[in-house]
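S.K.: Structure below; questions to follow.
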Amino acid sequence: MADPIFRAPKGTHDILWPESARRRALTAVFADIVEGAGYTEVVPPMFEHVEVFHRLGDATDVVRKEMYDFLDKGGRHIALRPEQTASIVRAFSEHRPTVPWKAWYEGPNFRYERAQKGRFRQFDQVGVEALGPEDAHLDAEVIALAWLFYERLGLRRVTLMLNSLGGPLDRARYVEALRGHFSSDLDALSADSRTTLAVNPLRVLDSRRPEDADLVAAAPSMLDHLSDDAAAHFERVQAALDSLGIPYMIAPRLVRGLDYYVRTTFEFVAEAFDAAQNAIGGGGRYDGLAEEMGAPATPGVGFALGVDRTLMACDAEGVFDAPTTTVDVFVVDTTGGDQALSLTDELRRAGLRADRAWDARSMKAQMRAADRSGAALAVIVGEAELESGMVALRDMRGDAGQETIHRSSVIDTLLARLQ
Ligand code: AMP
């Protein structure tokens with residue numbers, strides 16, 4: 001085959017059937033769970049004024065390096081969303097719904113990242129955000145919903161990593177402690193981490209460079225810097241998870257990429273992946289973000305789950321299979337095509353999933369198309385059937401063979417057979 005003239009841009013990919021159907025099914029499972037827990041869908045725009053995302057923290061990689069931003073024709077500085085929490089909280093601030101406000105969302109995000117396996121420049125997430133209550137049980141609720149989602153997909157090898165970043169003051173004190181720790185031995189740090197240290201000491205903890213490993217391992221722990229309030233909140237989250245039977249690992253170095261997190265932070269890790277891209281979802285509390293967006297101070301907690309990586313985890317565990325077919329019935333018509341035209345229409349109106357062959361091909365070619373469609377049954381009309389007002393019904397999968405039935409009874413028969 002000749003090379004195509006165009007390919008999808010780097011870091012993006014086309015999602016063809018059956019993977020596209022599998023994604024839709026995944027979103028449906030998610031929607032079912034979160035709507036059943038009182039979360040309502042919000043569909044924010046895919047782009048915002050760039051300042052909305054600056055609230056994620058000017059020192060974060062997402063804002064500093066990865067944003068798709070541009071001036072539109074009206075001179076506005078716009079950015080494609082790199083995540084959706086900022087948009088949802090902006091929407092909260094704009095519309096001021098009554099609290100508790102529990103929202104869910106799905107859809108693509110855009111980050112100019114180094115494209116590799118499991119890391120794309122356009123990727124889908126599903127997520128929830130709950131604004132209003134400060135209650136630690138709400139942190140546990142959102143975690144439990146993500147857990148239930150993974151369970152419904154059939155995933156068994158997911159680990160919940162849990163940490164607390166404390167309140168804003170605790171966090172600031174911890175950042176200073178980290179700065180002190182890493183600055184005490186600057187020469188031992190990689191050049192990249194020295195740059196990171198200057199803008200965001202927390203991110204140095206994320207370094208996976210071997211030369212940084214010793215200093216990172218010896219770094220002070222956030223959990224030693226929690227105020228009494230933050231420590232009590234964190235304990236209540238853990239007690240709630242214990243009582244719900246959700247296992248977790250305390251991960252004192254889990255800082256997450258965005259600046260707005262305080263108190264509870266968490267990540268879901270797929271054990272089937274190697275360490276570099278093993279996060280399939282994450283979230284936490286962001287009690288200061290609503291105020292930053294101009295709303296009255298309102299606590300919030302939520303998560304975003306990566307759809308692409310979750311499906312990769314499903315592949316690795318051999319669960320949540322893609323569908324193998326879209327139609328149940330295939331109409332084969334060797335009388336010229338009029339029968340296929342009317343029969344498929346009748347079947348579809350009756351709620352059956354039906355397809356047909358084209359171009360008045362031979363019986364053999366049409367049967368091959370029926371086979372390829374994956375349909376369980378074929379309805380066959382030849383000259384003899386047409387004359388006698390009958391159709392043949394062929395079992396395409398089992399060994400029930402073929403029977404001839406009245407055309408007028410075809411829908412009832414199919415509905416009964418496909419139950
Ligand atoms: P974050 O918004 O960075 O906390 O990401 C939440 C989840 O989205 C991660 O755990 C990943 O599963 C997924 N994710 C984030 N960035 C990417 C990306 N560039 N490509 C694919 N998935 C991503």
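The values are calculated or read from the model by the stated rules, or taken from the named source; none is laboratory data. In this text the structure is predicted, and so the values were computed from the model without any measurement. Neighbour counts run over all protein chains shown; Cβ positions are idealised from the backbone, glycine included. In case anyone asks, the SASA skips ligands and DNA or RNA and just uses the protein heavy atoms, side chains included. Shrake-Rupley method; radii C 1.70, N 1.55, O 1.52, S 1.80 Å.
S.K.: Extension gain ILE250-ARG152, at 0.36 nm per residue separation less the Cα-Cα distance, in nm?
M.R.: Length difference between fully extended and current span is 32.8 nm.
S.K.: Kindly report the accessible area of the chain per residue (heavy atoms of protein chains, probe 1.4 Å, no ligands, DNA or RNA), in Å².
M.R.: About 49 Å² of surface per residue is accessible.
S.K.: Right, another one. If packing is taken as the average number of other Cβ atoms within 10 Å across a peptide's residues, how do 122-133, 290-301 rank, most packed first?
M.R.: Output ranking for 122-133, 290-301: 122-133, 290-301.
S.K.: Apply 1/(1 + (r/R0)^6) to the Cβ-Cβ distance of HIS13 and SER388, taking R0 = 56 Å, and write down the FRET efficiency to the nearest 0.05.
M.R.: The formula returns an efficiency of 0.60 here.
S.K.: Over the Cα atoms, compute the radius of gyration (one decimal) and Dmax (the largest Cα-Cα distance, rounded to a whole number) for the stretch 44-203, in Å.
M.R.: 18.5, 53
S.K.: I would also like to ask the following. Need the full-extension length gain, VAL199 to GLU271, defined as separation in residues times 0.36 nm minus the C-alpha distance. One decimal, nm.
M.R.: Gain in length upon complete extension: 22.8 nm.
S.K.: Sorted from largest to smallest, which semi-axis lengths in Å does the alpha carbon gyration tensor of the chain give for its equivalent ellipsoid, taking the root of 5 times each eigenvalue?
M.R.: Semi-axes from the Cα gyration tensor: 53, 23, 21 Å.
S.K.: Place a point 7 Å from the Cα of GLN122 along the Cα-to-Cβ direction; which residues of the stretch 68-103 have their backbone N under 14 Å from it?
M.R.: 68, 80-82
S.K.: For the stretch 169-184, take each phi angle, set θ = phi - 60°, evaluate the Karplus expression 6.51 cos²θ - 1.76 cosθ + 1.60, and give the result in whole Hz per residue in order, putting x for glycine and proline.
M.R.: Per residue, the Karplus-derived 3J(HN,Hα) values read 6, 4, 5, 4, 5, 5, 4, 5, 4, 5, 4, x, 4, 6, 5, 5 Hz.
S.K.: What value in Å³ per residue do you get for the convex hull of the alpha-carbon atoms in the stretch 1-104?
M.R.: 152 Å³
S.K.: Run the quick spin-label model on GLU403 and THR98: label points 7 Å from Cα toward the beta carbon, then report their separation in nm to one decimal.
M.R.: Label-label distance for GLU403 and THR98, simple model: 5.8 nm.
S.K.: Kindly provide log₁₀ I(q)/I(0) values, in the same order as q = 0.10 Å⁻¹, from the Debye equation applied to equal alpha-carbon scatterers of the stretch 329-417.
M.R.: Rounded to two decimals, the profile gives -0.20.
S.K.: Suppose each label sits 7 Å from its Cα in the direction of the beta carbon; what would the TRP358-ILE411 distance come out to in nanometres?
M.R.: Once both label points are built, they end up 2.6 nm from each other.
S.K.: Add -39500 (n - 2.57) for each DSSP H run of 4 or more in the chain, then divide by its residues: what number comes out at 222 nm, to the nearest 500 deg cm²/dmol?
M.R.: -11000 deg cm²/dmol
S.K.: Quote the charge dipole size of the chain about the Cα centre in Debye, to the nearest 20; the model charges only the Cβ of Lys and Arg (+1) and of Asp and Glu (-1).
M.R.: With only Lys, Arg, Asp and Glu charged at Cβ, the dipole is about 740 debye.
S.K.: Using a Förster distance of 30 Å, how high is the FRET efficiency between ALA28 and LEU341, based on the Cβ-Cβ distance and rounded to 0.05?
M.R.: 0.40
S.K.: In debye to the nearest 20, how big a dipole does the stretch 198-284 give about its Cα centre with +1 on each Lys and Arg Cβ and -1 on each Asp and Glu Cβ?
M.R.: Dipole magnitude for the stretch 198-284 comes out near 180 debye.
S.K.: Check ASP287: other-chain or 5+ apart residues with amide H under 5 Å from its amide H, H built from backbone geometry?
M.R.: Amide H neighbours of ASP287: VAL262, GLY300.
S.K.: A further question on this structure: Along the positive direction of the dipole of the chain (beta-carbon charges: Lys, Arg +1; Asp, Glu -1; about the Cα centre), which of TYR112, VAL63, ASN278 reaches farthest?
M.R.: Farthest towards the positive end: TYR112.
S.K.: Which ³J(HN,Hα) values, rounded to whole Hz and listed in residue order, are derived for the stretch 361-366 from phi using the Karplus coefficients 6.51, -1.76 and 1.60 in 6.51 cos²θ - 1.76 cosθ + 1.60 with θ = phi - 60°, glycine and proline given as x?
M.R.: Each residue of the stretch 361-366 in turn: 6, 5, 3, 4, 5, 5 Hz.
S.K.: Still on this structure, please answer the following. Using R₀ = 22 Å, calculate the FRET efficiency as 1/(1 + (r/R₀)^6) where r is the Cβ-Cβ separation of GLU35 and GLU134; round to 0.05.
M.R.: 0.35
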